[in-house]
1. Out of curiosity, is I201 surrounded by fewer than 15 Cβ atoms within 10 Å (Cβ to Cβ) and farther than 22 Å from E154 by Cβ?
2. Let me confirm something: among L49, L29, L45, which residue is among the hydrophobic types (A, V, I, L, M, F, W, C) and part of a strand (DSSP E or B)?
3. Within the group V133, V158, which residue is among the aliphatic types (A, V, I, L, M), in contact with a Lys or Arg (Cβ under 9 Å, 6 or more places away or on another chain) and closer than 30 Å to A23 by Cα?
4. Those residues that are closer than 23 Å to L36 by Cα and not aromatic (F, W, Y), I need them from the stretch 70-91; list them, please.
5. Is one or more of the residues making up the stretch 75-96 part of a helix (DSSP H, G or I) and either without any contact (Cβ under 8 Å) to a residue 40 or more places away in the chain or surrounded by fewer than 17 Cβ atoms within 10 Å (Cβ to Cβ) (or both)?
6. I'm trying to understand the selection: among the residues of the stretch 204-227, which are without any contact (Cβ under 8 Å) to a residue 60 or more places away in the chain, open to solvent by 30 Å² or more (accessible area, probe 1.4 Å) and under 21 Å from S316 (Cα atoms)?
7. Taking the stretch 167-188 as the region of interest, how many residues are open to solvent by 10 Å² or more (accessible area, probe 1.4 Å) and assigned to a helix (DSSP H, G or I)?
8. Those residues that are open to solvent by 30 Å² or more (accessible area, probe 1.4 Å) and either more than 22 Å from D233 (Cα to Cα) or hydroxyl-bearing (S, T, Y) (or both), I need them from the stretch 189-198; list them, please.
Amino acid sequence: MKALVYHGRKDLRYEDFPDPSPAPGEVLLQIKSSGLCHTDFNEYLNGPLYVAETPHAKTGRSIPLVLGHEFSGEVLELGDGVARLQVGDRVAVNAVDSCRRCEFCRRGLFIHCANAAIIGFGRDGGYAEYAAVPEDCCHILRPNVSFRAAALVEPLSVALHSVRRTRVEIGSTAAIVGGGTIGLCTLQALRACGVIDVYVIERSPAKRHFAEQLGASGFIQSEVSDPLQVISDLTGGIGVDYAFECVGTGSALQTALNVTRPGGTVCLSGVVPHPIEFNWNDVLKTEKTITTTIAYSSEFPMVIAMLNDGRLKAESLISQSYPLNEAREVLTRFEELGRSNIKMLIDMNVGAERGKTEPASAEFFEAFTTERRKSFRSDL
């Protein structure tokens, strides 16, 4: 099969790769859609960070390895012992392949399993035509969830997990630093959970339309306006109750801390490639809480249900789709292309020529936002 294979820092190759075969407890998937993620770009540019350099204890896999941890597919073949899935099932893949036996797994904290292999880092992932994955990692899609939308179940689960870990309250206020995929997924999760005002802080003006139409109360372009001053004005000098750092830089963390009220909470969602510094006394004196999130626990079924009934929207975030044979070029230029795009996908239905998916129309956004606000008010 063809696959996008990681061989080391700045060594990413589109090449022939051995066809996978499902082991006991696994299924063979035909990949339908895969999300291109900044974490993979960071791996390409600065890695190996998460990719196994020596054989992984659970899977035996190491470099060279197929990247890709956000994907959907159709079940083609069942390994021995598979009982829940059937050939033809449409699934989204949870990338955390844990042991299911340790204390953390028994508590549902699968990402903290010491033996976990993350698909796309500790075992071959979704930037390929096929993948063999554990049955336990596959979540059956509901009828209204497309393969394309299902490729965003993973980042939406990251976002929902961060909101749940932060224990947001209905009627509260929040700020999001970073208007990329995770930031805008977090925006939707916060709105769905009853946060009344959500402000997005972002450098690129290209993200304004998406943020505002997905329910942001305000968009603050950080290179034009001072986020601290704007948030202060919008909140009567208090600051927001919660801030979500979705970039992974020291300056983004400092911005999140600055705009959060005394006694508020900051959640760190951005992957940080290098150590960062901040003034701990600023946190100490204001009794702010800092929490972090790295992935998800039980959010996949929740997200699939929320996509199915329209509480979350995925396809409206997809701005470009590419065939697998162009994925290497796109991923190596991710930072440049990401300035004007939200979510870029590898779509197996896209032919040899690059396909563009137009963002949802203004009419769609207006109808969607109006309907969601009606629902939000009725819930209160």
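The values are calculated or read from the model by the stated rules, or taken from the named source; none is laboratory data. What you see is a predicted model; the values in this text were computed from it and never measured. Cβ placement follows ideal geometry from the backbone for every residue including glycine, while neighbour counts extend to all protein chains displayed. Each accessible area value is taken on the protein alone, full model and side chains, heavy atoms only, with ligands, DNA and RNA left out. Shrake-Rupley method; radii C 1.70, N 1.55, O 1.52, S 1.80 Å.
1. no
2. Step by step, each of L49, L29, L45 is checked, and only L29 is among the hydrophobic types (A, V, I, L, M, F, W, C) and part of a strand (DSSP E or B).
3. After ruling out the rest, the residue left standing is V133.
4. Answer for the stretch 70-91, where residues must be closer than 23 Å to L36 by Cα and not aromatic (F, W, Y): E70, S72, G73, E74, V75, R90, V91.
5. No, there is no match, as no residue in the stretch 75-96 is part of a helix (DSSP H, G or I) and either without any contact (Cβ under 8 Å) to a residue 40 or more places away in the chain or surrounded by fewer than 17 Cβ atoms within 10 Å (Cβ to Cβ) (or both).
6. P205, R208, E212, S217
7. The qualifying residues number 2.
8. Selection gives A192, C193.
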